[in-house]
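Bear in mind these aren't lab numbers, they're just calculated from the coordinates by the rules spelled out. The shown structure was predicted, so the numbers you read here are calculated from the model rather than taken from an experiment. Methodologically, a virtual Cβ is constructed for each residue, glycine included, from the backbone with ideal geometry; neighbour enumeration extends over all protein chains shown.
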Amino acid sequence: MEFTSIESEYLVALLKCALKSQNVPDIPAGLNWKELVNISKKQQVYSTIAPIINKINIPPEQAQELIFYSQNELVRMIAMKNELEQIEKELNGAGIKYMLLKGGVIKNYYPLQKMRQMSDYDILYDVSKRNELISIMKNRGFNLTSSSENSDDFFKKPYYTFEWHRELFFEEHDFNPDFSDVWDNASKDDEKEFEYHMSSNDLYLHTIAHMYKHYILGGFGIRFFADVYVLLTKLKDELDKAYIDSKLEKMGLVDFEFDVRSICFALFDDKEITNSQVLFLNESLSFGIYGSGGVTGAKLYYDEYRSKHGDVSVSKYYRSKIFPSKAYMKRTYPVLTKKPYLLFAYYIIRLFDKFFHSRKRIKSDIKMLKETVKEENKQ
């Protein structure tokens, strides 16, 4: 497999050794240690490689930098875990059902929990107890920083960040996978009365679906591949293939999951992959942990729209984005459910919001899409 740089290739080799507890590979000639450390920070995997990179002779400056970042991350993780434990006591006392998501669960499958970096805790909770939850968080000194369609996000200095999800997904960019049975499939904790644990099947499916959401919004980094790999290897005897395949089919993610899974085993088990999968991988390594920021997503949205509505122009496509369906507007602006006569006013509000906050992004997307259509017409 060919990589875009020596540093990317060696980073993958280090990740492989870290995840599989193997010996550190020989240092390739011409390796730029500063660039390697920068990539590991950008991809948020420096804590993953830190335990093994200490075993090799690297330049003092980069060694000190890695130690500094990994130690700071460890301190933050311990503080976040302590805060979570206190919040959990209050949740159980108030009778609020909750379920840890994403990195808060996946870290348990890494060789060491500290090897899986996390910027926050994502938690699914019983929406009927929303007022009680907000009260608990505010009483603990948190500020409600944002309240989106499916989550309430809280922050407390210096770095405590908790995202409380009312649902796992909502209708966004024509992607809203059905996880309505996630609570029914979950198991109750043996000690904490109101804590639930997501089933292994749903954990894997949610990881893939979450990965895809980032993909259509601009891409993702190599940490996502590491997450999928540890789940596939640690849960291989628990995953129900027939159930997962059925769910992936309904989500429309069969091909996406196949490519992701193939790349995981190519990265960490030396399996062969196709040229298109190599390109897919190198794109993820070229960006940060959450991707490039939208060009990939813009084209995917346009292609998806054309598949449903025919070969429409870019301008017609963007009119549909600026003036979406009534159902979409009601989801975005809940006040319209009770006051539908305000629909036109909220179309205007949305138009001004896009003009002032997303003008450059929209212009860039339109330019890219027009060039794409022009190239397609030449073929």
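One table, with the values for the structure above:
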quantity	calculated
Those GluC sites (Glu not before Pro) in region 1-83 that DSSP places in a loop and that have at most 11 other beta carbons within 10 Å	Glu2
Neighbourhood charge, 13 Å Cβ-Cβ cut-off, centred on Leu31 and excluding it, Lys, Arg +1 and Asp, Glu -1	-3
Binned Cα-Cα distance frequencies in region 127-182 - 10 Å width, integer %	22, 46, 25, 7
Charge dipole of region 32-186 about the Cα centre (unit charges at C-beta), most positive-ward option of Ala79, Leu101, Asn131	Ala79
Proxy reagent accessibility, fewest Cβ within 10 Å first, across Val37, Val127	Val127, Val37
Residues Glu191 and Phe344, FRET efficiency given R0 of 45 Å [Cβ-Cβ distance, rounded to 0.05]	0.25
Euclidean distance between Cα centres, region 77-110 to region 166-236, Å	16 Å
Among the listed pairs Lys20/Lys234; Lys20/Lys236; Lys16/Lys107; Lys192/Lys236; Lys42/Lys241; Lys97/Lys138, those beyond 23 Å (Cα-Cα)	Lys192/Lys236; Lys42/Lys241
Region 158-260 shape via C-alpha gyration tensor axes, a/c threshold 1.5	rounded
Proxy reagent accessibility, fewest Cβ within 10 Å first, across Arg223, Arg76	Arg76, Arg223
